[in-house]
């Protein structure tokens, strides 16, 4: 494998809304993948943090929780959103399934964030 290896990621859906309760709108092409999901209590939502700039993605060290009084650490040793590949992950409560829309509680993503995968937790 060379360093010029690239990966194509296609969104399976998008986050709609922000706050404690929001929705994941799954694209129709992936609707069949939702079969049985209503039985889950919790889901892990993997999403692309699309608002990060190229500059943010080049940062490899940061102060934990943005507190400059604490020494910097590498981004792989932090939960910092500044990452080379800004993939976010939230474990959410599944409230309701309506067609290809999943109403969830606890998703830490912005409206419009591309969802790259959905996995059941319990």
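Spatial offset of the range 96-122 relative to the range 15-83 amounts to 11 Å, using the alpha carbon center of each.
Counting beta carbons within 10 Å around each of 12, 24 and listing the fewest first gives the order 12, 24. Restricting to Cα atoms and excluding each atom paired with itself, what does the Kirkwood estimate give for the chain in Å? Hydrodynamic radius (Kirkwood, Cα only) of the chain equals 15.7 Å. Over the Cα atoms of the range 39-81, each weighted equally, I'd like the Debye log10 I(q)/I(0) at q = 0.27, 0.31 Å⁻¹, rounded to two decimals. So the normalised log intensities work out to -1.00, -1.13. Look at the alpha carbon pairs under 8 Å that are at least 6 residues apart: their mean separation over the length of the chain gives a relative contact order of 42 percent.
Here's the picture: a label point sits 7 Å out from the Cα of residue 122 along the beta-carbon direction, and within the range 18-48 the residues with their amide nitrogen under 13 Å of it are 40-44. Based on DSSP H segments of at least four residues, each scored -39500 (n - 2.57), the chain has a per-residue ellipticity at 222 nm of -1000 deg cm²/dmol. Taking 57, 16, 103 in turn, the Gaussian network model of the chain (Cα-Cα springs below 10 Å) assigns the largest fluctuation to 57.
Spherically averaged projected area of the convex hull of Cα atoms, the range 3-69: 8.0 nm².
Bear in mind these aren't lab numbers, they're just calculated from the coordinates by the rules spelled out. Computed from a predicted model, the values in this text were never measured in an experiment. Neighbour counts run over all protein chains shown; Cβ positions are idealised from the backbone, glycine included.
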